[in-house]
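Below: one structure, written as structure tokens.
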Amino acid sequence: MYRIAPSILSANFARLGEEVTQVLDSGADIIHFDVMDNHYVPNLTIGPLVCEAIRPLTKAIIDVHLMVEPVDRIIPDFAKAGANIISFHPEASRHIDRTIGLIKEQGCKAGLVFNPATPLSYLDHVLDKLDLILIMSVNPGFGGQSFIPEALNKLRSTRERIDASGCDILLEIDGGVKVNNIAEIARAGADTFVAGSAIYSAGKDSDPHHYDSIIAAMRAELAKVA
Ligand code: DX5
Ligand code: ZN
């Protein structure tokens, strides 16, 4: 029921393939792939070529989080590179419904991402077309920031909307997720947890796959959620 999605933003890029394989072998479910363009957000990361390079390593879901503007031009490139889910920020698209349609035409699942100050009203006319809603609990652009508590209220409101719709939509949280807050975040309604620095800074040489302990610790916290 709960999915852990390590953000490879915090991985060691000099050996990215190994970092992807190890985190999945340690029990993670999804690879979260942060794409930043130094325009929509003040940072620059990885693109479709890197997605294509990691695709053969796993059958796990690759969850592409686009922090780019404009978004439409690059969507087919990520679909061809093997993305399973493609999410975008409504502020970065002129035509939100069209962008959702484009993602689906390309054979991917579609997600809409909400910055801390972005209102949920963007869901009003498109909720039933979405496969994933991503609530940002930090301002996008960097790993290692602190969780913004207001995101918990936003998760609760989003959970109500999803449940009322009867649609099958993942509710993902991204930013500042740690072992000590993941249970509270789950209680607020999230079912999919992005964690970058919390996972990739906690690798242990004594773990068989380097990240087993940290992922087990997160799962143990989630198991406490009624
Ligand atoms: C921020 C990214 C996040 C980030 C999360 O813009 O979307 O996915 O990597 O990193 P942590 O878990 O370190 O906050
Ligand atoms: Zn992200």
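FYI, it's all coordinate maths here, none of it is from the lab. Given the structure is predicted, the values throughout are model-derived calculations rather than measurements. As a convention, Cβ positions derive from the backbone with ideal geometry for all residues, glycine included, and neighbour counts pool all protein chains shown.
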Estimated dipole of the stretch 160-222 in Debye, rounded to 20 [Cβ of Lys and Arg +1, of Asp and Glu -1, Cα centre]: 160 debye
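Only counting other Cβ atoms within 10 Å, I'd like 29, 205, 163 sorted with the fewest neighbours first.
Numbers: 29 16, 205 5, 163 12.
In increasing order of surrounding Cβ atoms, one gets 205, 163, 29.
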Candidates 23, 126, 138: whichever shows maximal mean-square fluctuation once the chain is modelled as a Gaussian network with Cα springs under 10 Å: 126
Cα centroid separation - the stretch 75-124 against the stretch 129-190, whole Å: 17 Å
Give me 156, 94, 161 ranked fewest to most by other Cβ atoms within 10 Å of their Cβ, as a rough exposure proxy. 94, 156, 161
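Can you compute the charge dipole magnitude of the stretch 60-144 about its Cα centre, using +1 on each Lys and Arg Cβ and -1 on each Asp and Glu Cβ, nothing else charged? Give it in debye, rounded to the nearest 20. Mind dumping the intermediate values first?
Details: 7 positive and 10 negative charges, 29 e Å.
For this selection, approximately 140 debye.
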Burial ordering of 212, 174, 168, fewest other beta-carbon atoms within 10 Å first: 168, 212, 174
Gained length - residue 206 relative to residue 226, 0.36 nm times residue gap less alpha-carbon distance: 4.0 nm
By the Cα gyration tensor axes a ≥ b ≥ c (a/c under 1.5 gives rounded; else a/b larger than b/c gives prolate, otherwise oblate), the shape of the chain is oblate
Rank 49, 118, 35 by how far each Cα sits towards the positive end of the charge dipole of the chain (+1 on Lys, Arg Cβ; -1 on Asp, Glu Cβ) and give me just the farthest. 118
One finds the C-alpha centres of the stretch 24-74 and the stretch 196-226 to be spaced, in Å, by 22 Å
